[in-house]
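The values are calculated or read from the model by the stated rules, or taken from the named source; none is laboratory data. The model shown is predicted, which means the values in this text are computed figures rather than measured ones. Note that we place each Cβ from the backbone using ideal geometry, even for glycine, and neighbour counts take in every protein chain shown.
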Ligand SMILES: Nc1nc2c(ncn2[C@@H]2O[C@H](COP(=O)(O)OP(=O)(O)O)[C@@H](O)[C@H]2O)c(=O)[nH]1
Ligand SMILES: [Mg+2]
């Protein structure tokens with residue numbers, strides 16, 4: 001299903017206005033296609049690899065210049081895809097880039113699908129699957145911490161550790177099979193039980209900080225909810241350190257949900273400001289309230305904001321009921337005003353913090369509490385987690401479960417065939433991380449999550 005023998009082309013930089021933009025070609029005809037549209041190479045008998053050539057993209061039919069460009073040629077295997085690659089650096093506008101791409105397509109290339117350059121790099125063995133996924137994660141990283149984790153994975157740390165564990169299992173499997181074929185020989189324990197235990201310990205070490213890695217990569221959603229006018233939008237602006245949401249003394253100012261990301265100790269935190277939950281006065285407010293309820297339901301953590309200068313009312317109670325048992329922090333806002341209520345009975349199990357979104361008092365402590373709630377129970381060791389992708393975590397888990405089952409059978413002196421089946425399962429699972437045993441369906445799903453041009 002995957003072809004490597006045709007030539008693909010795409011705009012590899014974001015669409016919009018930019019200083020430069022790049023059209024990339026990969027495949028056996030990359031140079032031939034470029035020769036047809038790049039004037040410097042049309043008459044050039046030998047193009048120097050890894051040189052930048054200055055010239056123009058020209059419509060061959062009319063001789064009209066499309067753009068002034070810098071073009072480079074990276075022959076196989078010394079390129080991103082390990083195929084012949086040509087990169088055309090043009091001016092970064094939508095029109096020149098689209099026209100250059102269209103010319104390439106008309107002269108022998110076909111449009112690249114999502115992630116197809118990286119897919120080719122994978123199929124040609126330049127990257128394994130976990131590294132290919134890291135390319136996407138580097139591009140999509142939202143904090144320095146998530147970038148560091150992705151760069152480590154791109155460098156092959158997860159791949160090397162996974163491969164080393166898998167190799168030990170493959171060896172153990174060979175001994176197991178020998179034991180099955182020659183049941184009268186004694187099986188040396190150090191060749192089977194020893195490696196199984198060691199690999200399981202290795203898997204557990206990788207899994208131990210996986211949830212922290214997942215949090216860095218995926219981030220968490222925090223919904224700010226409360227009745228109208230308690231200061232939700234003011235609190236959002238405070239946490240963002242900018243005036244993002246409109247704040248007015250008029251109840252019902254925020255009618256729709258609004259999202260912004262902050263970097264909280266390396267964790268990308270999506271803050272969702274919501275319309276106040278109360279008695280809606282019109283259809284827009286009613287829809288806003290529904291969205292607020294959905295935002296609270298979808299959030300990993302809820303900030304329930306109340307107004308400390310006013311007594312708790314039925315609306316506050318209603319919002320607290322909506323929060324229910326979800327992870328939450330009660331934020332008693334407007335502490336700069338005379339306080340009318342301590343709100344202690346609202347969400348009695350959640351931490352309560354007094355803040356003033358107006359003066360900023362208590363906001364640092366709130367950030368600390370938020371980080372604590374998000375990373376609670378996570379080891380805060382300096383080392384970056386190795387695993388940050390739920391796909392990898394699940395496969396490591398699958399391998400670990402299979403090895404535990406294998407150990408159990410071994411311990412109970414069960415049939416070696418059964419042990420072998422479980423060890424094979426673990427070998428298969430680990431192979432799906434690096435792609436050694438990945439089927440086309442899996443590749444299809446993974447590369448579809450890339451952007452076109454990557
Ligand atoms: N004194 C005081 N006023 C605040 C504080 N936070 C918000 N306000 C005011 O409360 C009103 C409603 O604020 P807003 O953020 O729009 O509330 P929302 O409806 O919950 O989003 C505005 O007039 C704010 O200036 C605070 O900490 N102290
Ligand atoms: Mg608001």
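Residues in segment 334-350: is at least one more than 10 Å from ligand 1 (Cβ to nearest atom), under 29 Å from the mean Cα position of the chain (by Cα) and in contact (Cβ under 8 Å) with a residue 24 or more places away in the chain? No, segment 334-350 contains no residue that is more than 10 Å from ligand 1 (Cβ to nearest atom), under 29 Å from the mean Cα position of the chain (by Cα) and in contact (Cβ under 8 Å) with a residue 24 or more places away in the chain.
Looking only at residues in segment 221-246 that are farther than 17 Å from residue 302 by Cα and more than 8 Å from ligand 1 (Cβ to nearest atom), which one is farthest from the chain's Cα centre (by Cα)? Selected residue: 243. Apart from one condition, residue 196 fits all of (1) surrounded by 16 or more Cβ atoms within 10 Å (Cβ to Cβ); (2) more than 14 Å from ligand 1 (Cβ to nearest atom); (3) assigned by TED's automatic domain parsing to the domain that holds residue 322; (4) in contact (Cβ under 8 Å) with a residue 40 or more places away in the chain; the exception is (3).
Conditions (1) assigned to a helix (DSSP H, G or I); (2) farther than 26 Å from residue 6 by Cα; (3) in contact (Cβ under 8 Å) with a residue 12 or more places away in the chain, marked per residue:
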site: 122; (1), (2), (3): yes, no, yes
site: 125; (1), (2), (3): no, no, yes
site: 134; (1), (2), (3): yes, no, yes
site: 142; (1), (2), (3): no, yes, yes
site: 162; (1), (2), (3): yes, yes, yes
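Listed by first and then second residue, the pairs linking a residue in segment 252-278 that is farther than 22 Å from residue 375 by Cα to a residue that is in a strand (DSSP E or B) and within 8 Å of ligand 2 (Cβ to nearest atom), with Cβ atoms under 8 Å apart and 6 or more places separating them unless they lie on different chains, are 254/273; 257/273; 258/273. Counting only strands (runs of 3 or more DSSP E) that fall entirely inside segment 1-99 and contain at least 3 residues that are surrounded by fewer than 19 Cβ atoms within 10 Å (Cβ to Cβ) and at pLDDT 95 or above, the qualifying elements are 52-58, 65-74.
Which one of these does residue 166 not meet: (1) within 16 Å of ligand 1 (Cβ to nearest atom); (2) touching a helix residue (DSSP H, G or I) at 6+ places or on another chain (Cβ under 8 Å)? For residue 166, the failing item is (1).
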